[in-house]
Amino acid sequence: MPEQRKLRNLRRDPRIALSIPSTTRNDWGLLEYLVVYGTARVTEGGAADVLQRLAYTYIGPDVVFPNMPDPPPGFVTRVTPERFGGVGPWNPPRR
């Protein structure tokens, strides 16, 4: 994978917010979601190994992914969580 703008932006400013939606509704009828605020660290290489581990979990144990003889090293982004937000049991509403 070539260098991308997102990678340059994360190296310049590593603050990150990830939003993870849910299909569960709370007592007020709102869809629950989780927001993870933290710091990202981008490292070069290792992406093919991560994709292969995810493929074992989500596609099946006999899958080879990415399906190419010599996949590019890619980039791996690791997030250190600092706080959580959103709507759900992890963030009870203030009354």
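Here, each number is a calculation from the coordinates, and none is a lab measurement. Keep in mind that this is a model prediction, so the values were computed, not measured. Heads up, the Cβs are rebuilt from the backbone with ideal geometry, glycines too, and the neighbour counts pull from every protein chain shown.
Dividing the summed helix terms, -39500 (n - 2.57) for each DSSP H run of n ≥ 4, by the number of residues in the chain produces a 222 nm estimate of -6000 deg cm²/dmol to the nearest 500.
Evaluated at q = 0.21 Å⁻¹, a Debye calculation over the C-alpha positions of the chain (equal weights, vacuum) places log10 I(q)/I(0) at -1.05.
Note on TYR58 and ALA17: the extension gain reaches 12.3 nm, defined as 0.36 nm multiplied by sequence separation minus the Cα-Cα distance. Across the range 5-87, Cα pairs under 8 Å and at least six residues apart give a relative contact order of 34 percent. When the alpha-carbon atoms of the range 21-64 are used, the pair Rg, Dmax equals 16.7, 45 angstrom. For a paramagnetic label modelled on THR77 (point 7 Å from Cα along Cα→Cβ), amide N atoms under 12 Å away belong, within the range 30-46, to 38-43.
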